[in-house]
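The values are calculated or read from the model by the stated rules, or taken from the named source; none is laboratory data. These figures come from a predicted structure and were not determined experimentally. Glycine gets a Cβ as well: all are built from the backbone with ideal geometry, and neighbour counts include every protein chain shown.
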Amino acid sequence: MQTFEQILVDIKKKIYKPIYYLMGEEVFYIDEITKKLEKEILPEAEQMFNQTILYGKDTDMGTLLNTARRFPMMSNYNVVILKEAQELKGIEGLAAGETDPFLLYAENPPEKTIMIINLRGKSLDKRKKLYKTLDKNGALFESKKLYDNQVGAWISKYVGSKGYSIDMQAAELMAGHIGNDLAKVANEVEKLTITLPKGSAINSKIIEENIGISKEFNVFELQKAIGKCDIYKVNLIVKHIGQNPKTKSIIPMIATLYGYFTKVFMVHYADDKSKSSVASLIGVNPFFVDDYLVAARNYSKAACVSVIGILREYDAKSKGIDSPTVDDADLMREMMYKILH
């Protein structure tokens, strides 16, 4: 199994593997490696005759392997890219005892062919012979989803790789709004870098102006206000969110607040209340630990359990379980009243 960084280093050195089997839930890295190989292996003039792109739902194993066994025309390599490979039967190997064409190919791949497989949203069974064969004869790569608490740091690193900087609060604001879909995050970063001079420092104001996230009226400011028991600020934010069609849905809010109060509950069990220790325990950046410590002072263990129960209740109501259809804005106001009182 190879890492993203190892594969990119080898590509830069023009060290290629006969098969790149790129799999996993986080498609950003799969797409990045594929684009790099697609661009770097062959000069543009040779790509027309020696680079073939196939799609899993539109091809079959015979076509894939026949294309891969062709000799290159006046070129060093025949490049075959299979996208949406999860749609192609047999690409993940067959059961023991069955004749497996792809396994046979992987055991003895042609010297002049480079095959790139995109298995999006799935991973190969590590117990299969195919997994071991690909790991031995090719570049096997698994792209895993980041945990939500890792996305802010990833944004900071990615923005840095583009020649810009971003403060942690802005990175976390962006992460919380977009989530852990790195392709969407990268797309938003690209939009920012187009409008900003190289070397710019990105802050919350820039995020607000360019991505449409309100610094003052978002779910993260809401959870901070709830943690401080700031009733006026909570009502102000809930009113703003309820009036904005793009942020009106209560379901993402409940999910975020559920994670927040789960972490606040965990703070009560921290023997060491230092920022670094609490950050490690609850999985947040030390920059935000003070907010959780304040919330833990305002919400006892029992209060945290009560709030989590309220969130579960309104999660069910928002999905129409044992409840008539009610506007999300009304549910938000009702839920906040119960949490704060």
### Positions within segment 130-176 being under 30 Å from Pro101 (Cα atoms) and either exposed (fewer than 15 other Cβ atoms within 10 Å of the Cβ) or in contact (Cβ under 8 Å) with a residue 40 or more places away in the chain (or both), in sequence order
Lys132, Leu134, Asp135, Lys136, Asn137, Gly138, Ala139, Leu140, Phe141, Glu142, Ser143, Lys144
### Task
Using the structure shown, decide if Ile202 is more than 21 Å from Asn118 (Cβ to Cβ) and in contact with a strand residue (DSSP E or B) (Cβ under 8 Å, 6 or more places away or on another chain).
yes
#### Entry: Leu22 vs. criteria touching a Phe, Trp or Tyr at 6+ places or on another chain (Cβ under 8 Å) and assigned by TED's automatic domain parsing to the domain that holds Pro110
yes
### Residue count, segment 166-213 (criterion: outside any helix (DSSP H, G or I) and either at pLDDT below 85 or over 18 Å from the mean Cα position of the chain (by Cα) (or both))
14
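Per-residue answers, yes or no, for (1) within 25 Å of Gly179 (Cβ to Cβ); (2) surrounded by 20 or more Cβ atoms within 10 Å (Cβ to Cβ):
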position	(1), (2)
Met1	no, no
Ile15	no, no
Ile19	no, yes
Ile30	yes, yes
Thr34	yes, yes
Glu40	no, no
### Query
Which pairs do you get when a residue that is within 19 Å of Ser143 (Cβ to Cβ), found in segment 181-203, comes within reach of a residue that is of a type in the set (Asp, Glu), reach meaning Cβ atoms under 8 angstrom, with the pair 6+ apart or on two chains?
Leu182/Glu26; Ala183/Asp31
### Query
When only residues in segment 180-192 that are surrounded by fewer than 16 Cβ atoms within 10 Å (Cβ to Cβ) and not acidic (Asp, Glu) count, which is nearest to Lys145 (Cα to Cα)?
Ala183
### Task
Please find, among Lys35, Lys89, the residue that is within 29 Å of the chain's Cα centre (by Cα), more than 28 Å from Lys13 (Cβ to Cβ) and of a type in the set (Lys, Arg).
Lys89
